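One structure is given here, and the rest of the page talks about it.
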Amino acid sequence: MKLGAITLPNTLFVAPMAGVTDRPFRQLCKRLGAGYAVSEMVTSKRELWNSLKTSRRADHAGEVEPIAVQIAGVDPAQMAEAALYNIDRGAQVIDINMGCPAKKVCNVWAGSALMQDEPLALSIVEAVVAACAPRNVPVTLKMRTGWCEAEKNALRLARAAEGAGIAMLTVHGRTREQGYKGQAEYDTVAAVKAALGIPVVANGDIDSPQKARQVLDYTRADALMIGRAAQGRPWIFREVAHYLATGELLAPPTVREVRAWLLEHLQDHYGLYGEYSGVRSARKHIGWAVRALPGGEDFRARMNLIESCEQQLLAVGEWFDELAAQHERLPLAANDERLELTA
Ligand SMILES: Cc1cc2nc3c(=O)[nH]c(=O)nc-3n(C[C@H](O)[C@H](O)[C@H](O)COP(=O)(O)O)c2cc1C
């Protein structure tokens, strides 16, 4: 699949998740089979660009290409400026956020709230496309199915955004009103795919290779985007890729493999955040990795008390060594309600 002049290695994408899909996590997902990853959203507010949070999000040192940065905001001129700022820092694709229901974003009328104001949404798309075109940087858009059940305007907005020059569209099969409740529906995604000439990406509740197959067949989407199911299980991308290619399920990874991936991820994570923040923000990744494994909940509680990177690495390594002594492959997760837990 092509995005402007960029050829993507495959059509399995990591969803942008603020506070989760930072550079170390995106790298890990790409190593384990994801062909494309979009950054956590970066604000279009210039006064925040020098903040630690935003500068970390705009740091792409060593990231496997293509580098795609999502921007969030409400003002067309500011969004255009934010696009250029991120292109200057290495972005090769700019994604506009009209999918996030978070209050922090929607209270200022950004994210999925923009779907309620179609003229403004379209002005933002036009301004960002106009800013990016001279740099040959494709602009993509991520949206939901609409504002609420009674106002599912994804198809109308998708057509208008295609007309305004976006290169790809992702649709999460929920309305803004739903947040993460209920089930994603794929009829709207399928209708958008059927109506558009640009690539359409299906997103929402894809949590297994079989579900990926179903969503792909049902929507006929050009690509799939996976978010929450990759938390603590970044190898889901290679599992999905294998199943889509062969119709067969890949064996679970060995405990030793998972141990090595997690320890490498932690080192990379500490490198970006430093000791104090790193050890704390790493806890959620460790928690996700162990929660469905035997004894995982106990370990999670114990691990949350550790305050140094060295001790955290040691504890994780030892815990997985003990697990490896009992299981060669990762034991199958019983009652792993991954999507429920993390929404
Ligand atoms: C913790 C978290 C943070 C998210 N942050 C963003 C974001 O910054 N931008 C965005 O477009 N969507 C964001 N999303 C939505 C996801 O990209 C995705 O659309 C949603 O989780 C549905 O996909 P899934 O069912 O595979 O998780 C976030 C979701 C979660 C759970």
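The values are calculated or read from the model by the stated rules, or taken from the named source; none is laboratory data. In this text the structure is predicted, and so the values were computed from the model without any measurement. Backbone-built Cβ (ideal geometry, glycine too); neighbour counts: all protein chains shown. Heads up: the accessible areas ignore ligands, DNA and RNA and are worked out on the full protein's heavy atoms, side chains in. Shrake-Rupley method; radii C 1.70, N 1.55, O 1.52, S 1.80 Å.
With a 1.4 Å probe and all protein chains kept in place, how much accessible area does CYS132 have, in Å² rounded to the nearest 10?
Surface open to solvent at CYS132 totals about 0 Å².
Roll a 1.4 Å probe over the protein heavy atoms and report the accessible area of ASP187 in Å², nearest 10.
90 Å²
Could you state the angle between the C-alpha long axis of helix 255-290 and the longest principal axis of the C-alpha atoms of the chain, as a value from 0 to 90 degrees rounded to the nearest 10?
70 degrees
For THR175, THR43, what's the largest-to-smallest order of accessible area, 1.4 Å probe?
Result, largest first: THR43, THR175.
What angle, in degrees between 0 and 90 and rounded to the nearest 10, separates the Cα long axis of helix 76-88 from the longest principal axis of the Cα atoms of the chain?
Value to nearest ten degrees: 50.
How tilted is helix 209-219 with respect to the longest principal axis of the chain? Cα atoms for both, answer in degrees (0 to 90, nearest 10).
10 degrees
Over the chain, consider all pairs of different Cα atoms and compute the Kirkwood hydrodynamic radius from their mean reciprocal separation; express it in Å, one decimal.
Details: mean 1/r = 0.0489 Å⁻¹.
Result for the chain stands at 20.5 Å.
Per residue, how much accessible area does the range 255-326 show when a 1.4 Å probe rolls over the protein heavy atoms, in square angstrom?
On the way: 3420 Å² over 72 residues.
About 48 Å² of surface per residue is accessible.
Under 5 Å between amide H atoms, partner at least 5 residues away or on a different chain: which partners does VAL137 have, H built in plane at 1.01 Å?
Under 5 Å from the amide H of VAL137 lies no amide H from a residue far enough along the sequence or on another chain.
Express the carbon and sulfur contribution to the solvent-accessible surface of the chain as a percent, rounded to the nearest whole number, probe 1.4 angstrom.
Details: 7280 of 14400 Å².
With neighbouring chains kept in place, the figure for the chain is 51 percent.
Kirkwood hydrodynamic radius, computed over distinct alpha-carbon pairs, for the range 140-275: how many Å, to one decimal?
After inverting the mean inverse Cα-Cα distance, the result is 16.5 Å.
When you count, for each residue, the other Cβ atoms within 10 Å and take the mean per peptide, how do 60-66, 242-248 rank with the highest first?
Ranked from most to least packed, the peptides come out as 60-66, 242-248.
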